C-alpha cells in the first residue's frame with residue numbers, strides 16, 4: 001500500500017512541483033492538497049492521510065495552529081512541516097505541536113521522500129541543515145502535543161483573530177469568517193490588546209509577523 005500524503009501549501013508552484021516528484025516513487029500517493037490551514041483541516045478530517053506535509057505561512061489559519069488543532073483531535077497524525085523558516089524559535093514552536101518532522105523548502109526532493117518514508121514508519125526527520133539543534137528540537141516535540149500558544153497568554157481563537165487582522169480583515173469580516181458575532185470579535189480584540197499591551201493595529205500586525213502567526 002502506498003503512503004497516503006496530503007500537501008498543504010498556499011504556493012501552487014510548490015504543490016505542482018512536489019506532487020509528480022513524490023508520486024514517481026511508486027510508494028507515495030498524494031491524496032489531497034489544500035492552500036490554507038482551514039481547508040487542510042477539512043481535508044484531513046474527511047480523508048485522513050498517513051503523512052501530512054504542511055507549510056507554515058498560509059492564509060486564514062497558519063500551519064502551526066492548523067497542526068495543533070489536528071493533533072488535538074487526532075494524536076496519531078504524522079505531520080512534517082515544509083517551510084522557508086529556519087530560525088530556532090519557529091522550528092521549536094512547530095515541533096512543540098507534536099509534529100514528526102521539519103524540512104526546509106531549499107532541501108532536495110530526495111530529502112522530502114526520505115522524510116515521508118521515515119515519518120510514516122513512526123520516526124522523526126529534520127532537514128540536514130537543522131541538525132545543529134536536532135536533539136533539543138525533537139525533545140521539545142516529544143514532551144507532548146503542546147499548543148503553539150503555550151508560551152504566550154493568547155488562546156487559539158485570539159491567535160486566529162490576530163492572523164485575520166494582520167491579513168487586513170475588518171471586525172465584521174472576521175465575524176463572518178469565524179461564524180461569531182462582531183461583538184465577540186471586538187471583545188477578543190480588547191483581550192488581545194490587554195494581554196499583549198498592544199493597542200495599535202500596525203503594532204499588532206508587526207507582532208503577528210514576528211511570531212509567524214501571519215506572513216508579509
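Report whether or not residue 40 is buried (at least 21 other Cβ atoms within 10 Å of the Cβ), in a strand (DSSP E or B) and free of Cβ contacts under 8 Å to residues at least 40 places away in the same chain. No; evaluated as a whole, the condition is false for this residue.
Being in contact with a helix residue (DSSP H, G or I) (Cβ under 6 Å, 6 or more places away or on another chain), at pLDDT below 95 and closer than 30 Å to residue 165 by Cβ is the requirement here; does residue 77 meet it? No: the conditions fail for residue 77. When the residues of segment 126-147 are filtered to those that are modelled with pLDDT of 55 or more and assigned to a loop (DSSP other than H, G, I, E, B), the one that is surrounded by the most Cβ atoms within 10 Å (Cβ to Cβ) is 127.
Annotation: residue 49 fulfils all but one of (1) modelled with pLDDT under 95; (2) over 20 Å from residue 177 (Cβ atoms); (3) in a loop (DSSP other than H, G, I, E, B); the unmet one is (1).
Scanning segment 1-37 for residues that are without any contact (Cβ under 8 Å) to a residue 24 or more places away in the chain, within 30 Å of residue 178 (Cβ to Cβ) and loosely packed, with under 15 Cβ neighbours inside 10 Å yields 12, 13. Does segment 162-180 contain any residue that is at pLDDT 90 or above and under 15 Å from residue 96 (Cβ atoms)? No. Scan segment 67-125 for residues that are under 24 Å from residue 46 (Cα atoms) and surrounded by fewer than 16 Cβ atoms within 10 Å (Cβ to Cβ) and the total you get is 7.
The values are calculated or read from the model by the stated rules, or taken from the named source; none is laboratory data. Because the structure is predicted, anything quoted here is derived from the model rather than measured. Positions of Cβ are generated from backbone atoms using ideal geometry, with glycine treated the same way; all protein chains shown enter the neighbour counts.
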